[in-house]
1. Compute a Gaussian network model of the chain, connecting alpha carbons closer than 10 Å, and tell me which residue from Pro172, Pro114, Pro202 fluctuates the most.
2. When the helix-only estimate is applied to the chain (DSSP H runs of n ≥ 4, each -39,500 (n - 2.57), divided by the residue count), what is the mean residue ellipticity at 222 nm, nearest 500 deg cm²/dmol?
3. Can you tell me what share of the DSSP beta bridges in the chain is antiparallel? A percent to the nearest 5 is fine.
4. Quick check: pseudo-label points 7 Å beyond the Cα along Cα→Cβ at Glu216 and Ala111, how many nm apart are they?
5. When only Cα pairs under 8 Å and 6 or more residues apart are kept, what is the percent relative contact order across the chain?
6. Compute, for segment 92-175, the length of the dipole vector about the Cα centre, with Cβ point charges of +1 (Lys, Arg) and -1 (Asp, Glu) only. Units Debye, rounded to 20.
7. Compare Leu235, Leu124, Leu197 in a GNM of the chain, Cα atoms joined below 10 Å, and give the one with the largest fluctuation.
8. Can you give me the three principal axis dimensions of segment 153-285 from its C-alpha atoms, in Å, biggest first?
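What follows draws every value from the coordinates through simple rules; no lab data is involved. A quick note: this is a predicted structure, and the numbers were derived from the prediction, not measured. Every residue, glycine as well, gets a Cβ built from its backbone with ideal geometry; the counts of neighbours run over all protein chains shown.
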Amino acid sequence: MSEPLLDVRDLERHFDGVKAVDGISFSVAHGEVVSIIGPNGSGKTTTLNLVTGTFRPNSGTIALEGERIERADSARIAEHGIARTFQNGRVFATLSVADNIEVGLHSTLTANRPFRRLSNVFLLRWIPLLAELYIAIVGTPASRREQAEIAAVVESEIDRFEARLGPRRDDPAYSLSYANRRRTEIARALALAPKLLVLDEPTAGMNQSETAEVLEQLLELKAAGQTILLVEHKLDLVMAVSDRVIVMDGGRIIAEGRPDEVRTNAAVVEAYLGRRRGLGGVDLK
């Protein structure tokens, strides 16, 4: 079997003695859509934070294409090819939609960020800063070509949400509706052309029609081969888009399998409701 894109082994994270993530292991294959579901406080978002470098684990390993990343920070992990959105939505309020998306490409820059490896060396950080300032003021043929490439990527991502974001490409993010701020955040993550797209409740706060739009876009990404790790409470969406579903409760994985297998798992029903009945529009019987 081929090596998984993401491989998580025996992952643990404690907060003041409480095990938010308690020894979980799972993998995500290339081109697979894997969803993590579970009751509030089950450890879903903490797991995403560990995978994306927001937190560091107390123990366990995380490997992307065989390379260990559990001790890397968020910036390095983005450079490795993992992009994410956040549960509460994070955009730069005073930047335009286009500028917000462009920010997502920062980790891919080369001509506009010379000597960027030195930015991790405390005594030498001034070198890339001066180089970037020079290029910003004077410019080079290579930096101008790279800027044109960035502009093309930004336009491509705006086109992905053309009906919603196209007319607002130059509007500041603070003026957008909640749903359009979420779309801007997703477009920013996709601009990176990530190996793994990590989405934390992308439809939170959206109504039924807006959720249906996101589902359609996720299905398009899936058809294009995008690997996705998703946390989502709307189980209709989860069941429609996922190849595999992981269920967490109390920081542990209590079930894992195809959507049709998970929806009939007694432990899953018990974790959510304590009795056998429908959940979120999905019949679990």
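1. Among Pro172, Pro114, Pro202, the largest mean-square fluctuation in the Gaussian network model of the chain belongs to Pro114.
2. One gets -11000 deg cm²/dmol as the mean residue ellipticity at 222 nm.
3. Within the chain, antiparallel bridges account for around 60 percent of the total.
4. Spacing of the two 7 Å Cα→Cβ label points: 3.7 nm.
5. Relative contact order of the chain: 26 percent.
6. Around 380 debye, computed over segment 92-175.
7. Leu124
8. That gives 50, 28, 25 Å along the principal axes, largest extent first.
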